[in-house]
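Report on one structure; see the data block that follows.
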Amino acid sequence: ASTLRAAARHADDDDDDDGPGDRALVLQLRFAGSFYLCDALQGAGAMDEGDPCRPDAMKEWLNSWIERWSDMDVESPRAISVQADRLRMALASLEGMQPAHLYACMDQVLFCWLLRRRAADPVTAPMMVGIGMALLLDVPPTWRDEVGSDVATWAVEASAVVAGTPQQRTASDIIWTCNQHIVLQTFWQLGIIVPWIDTPGLAFWSGVMHAPPPATGLPSLVVLRSAFWRLPAGAVLQSLLGQALGLSLGSETKVAEVRWMDSFLRGSMEAESYRTSWLSWQDFAAHTAALYMPSELYQIRFRDMYAMGVPILAPAASWTQRMLLEMFRMWGMLSKDSRHRPADCVDGGTWCVDEGPRKAAESWPFGEPFVDPDRDPLGKLAFYLTISDVQRYPYVLRFASVAELYSQLLFAHQGGPALAELMRQFFRNRVVANALRFCRQSVT
């Protein structure tokens, strides 16, 4: 939302100055959806456009679908159209809701597909559909061929409109992703090419920059949330860090200040310890460095720290691979549970996909872009690890041992300002510039 607003403000600009363009657009943003971790964030304060966590008909439908679709009647011939019309009615029922000029949909493609392609009174305004999760997440198995094949048709129709000359172009939908692996998965599944754009996150737009403690004092480390810390290996590393940094009870040689954020897998996200452990951007930026133990290929918390120029300590590739291998047995962006592939049209059937475009995927190394940790060779996860944020972004301080972690923390303590400037410059010139360029083209 923040990136769209900034892009609209500079709708006809090619530079990054702070003044609005000659054709600047003013976007009035409205929230109409279910937002991750809203329960944990209740009381954090409403946004300018209203509290995105306030209950409404859209959230009620979305939450009921995600939590209970497996118990619903999704097998009847009219099940898809019935749910599409219910979702459409929920959208229309929002208090004061007027038809929008642009709909920005994030994560699941299913909901925008229902509104655009199956509702009796479909949404007709252009859509920006950002696929943030697996293509067929929350799609009942009996719907997957229809959803997949029609999304492929939808993407082809949208790209045909956009590809015209400027005089021929009309408003169209844009299907995109903020995750590189989804480019591979959607091509393997549907034979379509989805543009990939890294999203800047909120920290960049806050304007907060790294402001660490003076190098004459103790370094300060903030440990970011990660499911890793709830696994056996995480518990062991936490104990070792306590010993190495002098944090253990009775230690007389503390060599660093450490702030542990309460991590996932504790149980309820509404637990008081979890709700009260949120930090402001200024709080994060006041630390010497942030310790990031990945639980996915990429996460917004990594980009938020990077955008502010907070030096990031992260495990070396071999260590990260072992961590993800364990966690991907339980969940993961490359989960084998999402690998459904509609049939080729040469095989017949009502819902199918043209085999031509996606045939090129047959020669990919390691085959399908999904990982089964118990069956696939170790090299497969290592191959996909190369597209992770922690591997792609420069200036990350990697460690392969506890001793090296402490050494990198000391390096950040002494060289933090110079490192922070390099990080912010890279983020501004690459990540933000690319995102703004994409959004400018989309809103105009």
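Structure above, values below:
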| quantity | calculated |
| --- | --- |
| Subset tally (residues that are open to solvent by less than 40 Å² (accessible area, probe 1.4 Å) and in contact (Cβ under 8 Å) with a residue 24 or more places away in the chain) for region 200-231 | 18 |
| Options ARG88, ARG68, ARG118, ARG144; residue that is of a type in the set (Lys, Arg) and open to solvent by 60 Å² or more (accessible area, probe 1.4 Å) | ARG68 |
| Every residue from region 189-199 that is outside any loop (DSSP other than H, G, I, E, B) and surrounded by 20 or more Cβ atoms within 10 Å (Cβ to Cβ) | GLN189, LEU190 |
| Test for SER81: is it open to solvent by less than 70 Å² (accessible area, probe 1.4 Å) and either out of contact with any helix residue (DSSP H, G or I) (no Cβ under 8 Å at 6 or more places or on another chain) or of a type in the set (Gly, Ala, Ser) (or both) | yes |
| Answer residue from region 323-332, given it is open to solvent by 40 Å² or more (accessible area, probe 1.4 Å) and touching a residue at least 40 places away in the same chain (Cβ under 8 Å) and is farthest from ALA289 (Cα to Cα) among those | ARG329 |
| Residue count for region 239-249, restricted to those that are part of a loop (DSSP other than H, G, I, E, B) and modelled with pLDDT of 70 or more | 3 |
| Residue among ARG375, ARG358, ARG398 that is basic (Lys, Arg), open to solvent by 60 Å² or more (accessible area, probe 1.4 Å) and touching a residue at least 24 places away in the same chain (Cβ under 8 Å) | ARG398 |
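The values are calculated or read from the model by the stated rules, or taken from the named source; none is laboratory data. What you see is a predicted model, and the numbers here were worked out from it, not measured in a lab. A quick note on method: Cβ atoms are made from the backbone with ideal geometry, for glycine too, and the neighbour counts reach across all protein chains shown. Just the protein is used for accessible areas: all its heavy atoms, side chains included, with ligands, DNA and RNA removed. Shrake-Rupley method; radii C 1.70, N 1.55, O 1.52, S 1.80 Å.
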